[in-house]
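Novice: Below you will find the structure I want to go over with you.
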């Protein structure tokens with residue numbers, strides 16, 4: 001155990017590259033799960049255990065993309081700043097993952113709507129619905145959305161503010177993707193949606209693929 005200000009760290013960790021990365025991820029997953037196992041004596045109170053999807057969400061949406069110098073994590077193969085295709089969600093932060101604030105407790109329907117949105121024409125508007133669950137210590141937080149639209153696409157989120165309560169620990173929001181004016185020269189463009197209550201930050205990257213042989217973009 002270590003101390004950082006007044007907050008206890010679960011443990012320290014080292015970034016590794018290679019086959020051991022899978023073992024590190026697995027260890028952190030198990031640690032997050034162990035913290036949120038619901039004792040049998042409390043299950044009758046309706047307190048839900050964390051599903052594998054919730055644990056995955058916590059690990060990914062609390063990851064960070066800055067290196068020790070404060071810049072975007074570099075791509076060793078190009079020497080330039082990395083993209084979500086290279087770094088994924090970013091560096092895992094085990095301590096933030098244990099208390100992510102919100103999680104996407106995704107089910108089969110979420111994946112079906114995602115697959116249905118793969119591939120759209122310039123004239124189409126794609127709308128996806130996402131449900132988030134409040135797992136933070138505050139039962140009544142308010143989260144505000146910050147949207148960074150990828151070049152060539154206009155991304156809107158409704159509502160831009162999510163209010164939770166003791167009786168409503170889940171909220172739904174819509175993400176709408178529409179083609180923006182202008183031509184795109186890049187093969188890929190990137191953006192993000194960030195939800196924050198001032199204490200927790202939940203980040204979801206957005207990647208758009210622009211095939212050179214087609215007007216169909218992939219989200």
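Novice: Confirm whether residue 168 is free of Cβ contacts under 8 Å to residues at least 24 places away in the same chain and either surrounded by 13 or more Cβ atoms within 10 Å (Cβ to Cβ) or closer than 22 Å to residue 196 by Cβ (or both).
Specialist: So residue 168 passes the test.
Novice: Looking at 72, 38 in this structure, which one is at pLDDT 70 or above and surrounded by 13 or more Cβ atoms within 10 Å (Cβ to Cβ)?
Specialist: None of the others qualify; the one that does is 72.
Novice: Report every pair of residues separated by at least 6 positions or lying on different chains whose Cβ atoms are under 9 Å apart, first residue within the range 126-154 and on the phi > 0 side of the Ramachandran plot, second crowded, with 18+ Cβ neighbours inside 10 Å.
Specialist: Sorted first by the residue in the range 126-154, then by its partner, the pairs are 152/179; 152/189; 152/208; 152/210; 152/217.
Novice: Continuing with this model, one more query. Anything in the range 135-158 that is under 18 Å from the mean Cα position of the chain (by Cα), closer than 16 Å to residue 102 by Cβ and outside any strand (DSSP E or B)? List them, or say none.
Specialist: 135, 136
Novice: Among the residues of the range 160-207, how many are under 15 Å from residue 147 (Cα atoms) and in a strand (DSSP E or B)?
Specialist: Residues flagged as under 15 Å from residue 147 (Cα atoms) and in a strand (DSSP E or B) within the range 160-207 amount to 23.
Novice: Suppose we filter 135, 155 for residues that are touching a strand residue (DSSP E or B) at 6+ places or on another chain (Cβ under 9 Å) and either surrounded by fewer than 17 Cβ atoms within 10 Å (Cβ to Cβ) or within 20 Å of residue 59 (Cα to Cα) (or both); which single one remains?
Specialist: 135
The values are calculated or read from the model by the stated rules, or taken from the named source; none is laboratory data. Quantities reported herein were computed from a predicted structural model and do not represent experimental measurements. Glycine also receives a Cβ, built like all others from the backbone with ideal geometry; neighbour counts cover every protein chain displayed.
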